[in-house]
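Comments concern the structure below.
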Number of protein chains: 2
Amino acid sequence: MNKSAQTRKTILDEAILMASKTGLQALTIGKLSAAVGMSKSGLFAHFKSKEQLQLDLLKQVAKFFKEDVITPSMQVPRGEARIRVLGQNLIKWDDSKFMPGGCMLHTSSIEFDDRPGPVRDFLVFNQSYWIDFIAQAASIAMEEGHFSADLDTQLFAFEFHAILQSHHFSSHLLNDPQAKIRGIRMVENLIIHSRK
Amino acid sequence: MNKSAQTRKTILDEAILMASKTGLQALTIGKLSAAVGMSKSGLFAHFKSKEQLQLDLLKQVAKFFKEDVITPSMQVPRGEARIRVLGQNLIKWDDSKFMPGGCMLHTSSIEFDDRPGPVRDFLVFNQSYWIDFIAQAASIAMEEGHFSADLDTQLFAFEFHAILQSHHFSSHLLNDPQAKIRGIRMVENLIIHSRK
């Protein structure tokens, strides 16, 4: 990684840490430049606008999501085992240390769902891809004979994603010590109800 | 209702309409006073601070939630039928016209989950009450013999609330025409899986 790319990564890491707790819109170039010890103009050399910073931040989070949630699931057998690992990774992900306010793809989706523009467009694209990915994983579990042949894989995908949303509510709003174990049980319930 | 109470209601209705789309923090006394055609000082006579306005707004939304979701469910028989009506009302609620950005108790919970203070405290109180209310409704369905005697009513409550969260995601982020019907199916699936 060259120096410019390294600086960019340092800025984005700090931006994620800050925006995860405050929300994306509260992240300003001013506050961020103070936090990383750079001038505002230095920051503008890396991100041309606040919107560009928001987009680049979410793309970085999406990259981490792929690395932390999706890629490791590909190491386990297709079907039910992969779904289980995806669910476990998803719950860990929402409590990631680098993102103390929880999954920023989830929180930003709420923040931007009524704000038309490139940030919302990216979130719709990213979250639709995720829903399709889960539906596809459920289809594989059907092919493997683990899940019922008449499972509605689209409905399954929304129910699966709802586990992250519920975990976020338990963990980040209610500070409930049962959040993680409840999330794991929700994954297991959904798997059981999807079998033949 | 006296004139002052009527004015207060007019201001809160407009505040809900605005904040539902932008988020609570983006609602300023300045923007709100312009929208209702009052002076800033006139608005301050009703709400002493931005935080007071946020709290009063959420209390008003919670009052509507009770009127639109909870109270009508008490008109139907205890047990499974009441759970079903609660679920249907919940989905309608998230698409209420007076709150075009969807359930403000849900969106504000995300917005404030990392912002300690009276607004977050109110949301924790309100949302914990709601979770307990659903768990209690599930207990009644157990007593009536509709639900399995070994149902985990707390887990049920979080799974039930997750349906609102999932509906919000489908309806408000993805603009998915299937959002409502999928929500209803999620309610029905949860009921079926909770039976003996």
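Label position 7 Å from Cα toward Cβ: report the copy-to-copy distances for A:K40 in nm, one decimal, ordered from shortest.
2.1
Using a label point 7 angstrom from Cα along Cα-to-C-beta, what distances in nm, from shortest up, separate B:K63 from the other copies?
5.0
Run a plain Debye calculation on the range B:47-196 (Cα atoms as equal point scatterers, no solvent) and give log10 I(q)/I(0) at q = 0.11, 0.19 Å⁻¹, rounded to two decimals, same order as the q list.
Evaluating at q = 0.11, 0.19 Å⁻¹ gives log10 I(q)/I(0) of -0.43, -1.18.
Quick one: 3J(HN,Hα) in Hz for the range A:19-27, Karplus 6.51/-1.76/1.60 with θ = phi - 60°, rounded, Gly and Pro as x.
Listing the rounded values in order: 5, 4, 8, 9, x, 5, 5, 7, 7 Hz.
So what is the 222 nm mean residue ellipticity for chain B from helices alone, if each DSSP H run of at least 4 adds -39500 (n - 2.57) and you divide by all residues, rounding to the nearest 500 deg cm²/dmol?
-21500 deg cm²/dmol
Count, for each residue of A:171-178, the Cβ atoms from other chains sitting within 10 Å of its Cβ, then give me the mean as a whole number.
Mean number of neighbouring Cβ atoms from other chains: 4.
Taking the Cα atoms only, what angle lies between the long axis of helix B:118-143 and the longest principal axis of chain B, rounded to 10 degrees?
The answer is roughly 20 degrees.
By how many degrees, between 0 and 90 and to the nearest 10, does the Cα long axis of helix B:179-194 differ from the longest principal axis of chain B?
With both axes taken from Cα atoms, the answer is about 40 degrees.
For the range A:52-125 and the range B:26-65, write down the distance between their C-alpha centroids in whole Å.
35 Å
For chain A, modelled as a GNM with alpha-carbon contacts under 10 angstrom, which of A:R115, A:R182, A:R82 fluctuates the most?
Per the Cα network of chain A with a 10 Å cutoff, A:R115 tops the list.
In the protein assembly as shown, what is the volume of the convex hull around the alpha carbon atoms, normalised per residue and reported in Å³? Can you show the working numbers first?
Working: hull volume 57.0 nm³, N = 392.
Expressed per residue, the convex hull around the Cα atoms of the protein assembly as shown is 146 Å³.
What order do you get for A:26-33, A:89-96 when each peptide is scored by the mean count of other beta carbon atoms within 10 Å, highest first? List each step's numbers first, then the result.
Values: A:26-33: 16.5, A:89-96: 19.5.
So the order, starting with the most tightly packed, is A:89-96, A:26-33.
What are the aspartates and glutamates whose alpha-carbon lies under 15 Å from the alpha-carbon of A:K59, with same-chain residues fewer than 8 places away excluded?
A:D13, A:E14, A:E51, A:E67, A:D68, A:D121
Hey, got the dipole for the range B:50-194? About the Cα centre, +1 on K and R Cβ, -1 on D and E Cβ, debye to the nearest 20? Please report the intermediate quantities before stating the final value.
Values: 14 positive and 19 negative charges, 95 e Å.
Dipole about the Cα centre, nearest 20: 460 debye.
For B:K180, give me every one of the lysines with a C-alpha distance below 19 angstrom, ignoring sequence neighbours fewer than eight places off in its own chain.
Hits, sequence-local ones excluded: B:K92, B:K97.
Which lysines does A:K196 reach when only Cα atoms under 23 Å apart count, and residues fewer than 8 places away in its own chain are ignored?
Of all the lysines, those that pass the test against A:K196 - Cα under 23 Å, at least 8 places apart if same chain - are B:K196.
Give me, ordered by chain and number, the residues 5 or more places off B:F147 or on other chains with an amide H under 5 Å from its own placed amide H.
The answer is B:M142.
Please report, for A:A149, the nm distances (one decimal) from its label point, 7 Å out from Cα along the beta-carbon direction, to the equivalent points in the remaining copies, shortest first.
Result for A:A149, in nm, nearest copy first: 3.7.
Specify the angular offset, from 0 to 90 degrees and rounded to the nearest 10, of the alpha carbon long axis of helix B:50-65 from the longest principal axis of the alpha carbons in chain B.
With both axes taken from Cα atoms, the answer is about 40 degrees.
Which whole-Hz couplings ³J(HN,Hα) result when phi for each residue of the range B:171-176 is put into the Karplus expression 6.51 cos²θ - 1.76 cosθ + 1.60, θ = phi - 60°, listed in order with x for Gly and Pro?
Result, ordered by residue: 7, 9, 8, 8, 6, 7 Hz.
Please compute the modelled spin-label separation between B:D68 and A:R78, points set 7 Å along Cα→Cβ, answer in nm with one decimal.
Here the answer is 4.5 nm between the modelled labels.
FYI, it's all coordinate maths here, none of it is from the lab. Computed from a predicted structure; not experimentally measured. Cβ sites come from the backbone with ideal geometry, for glycine too, and all protein chains shown count toward neighbours.
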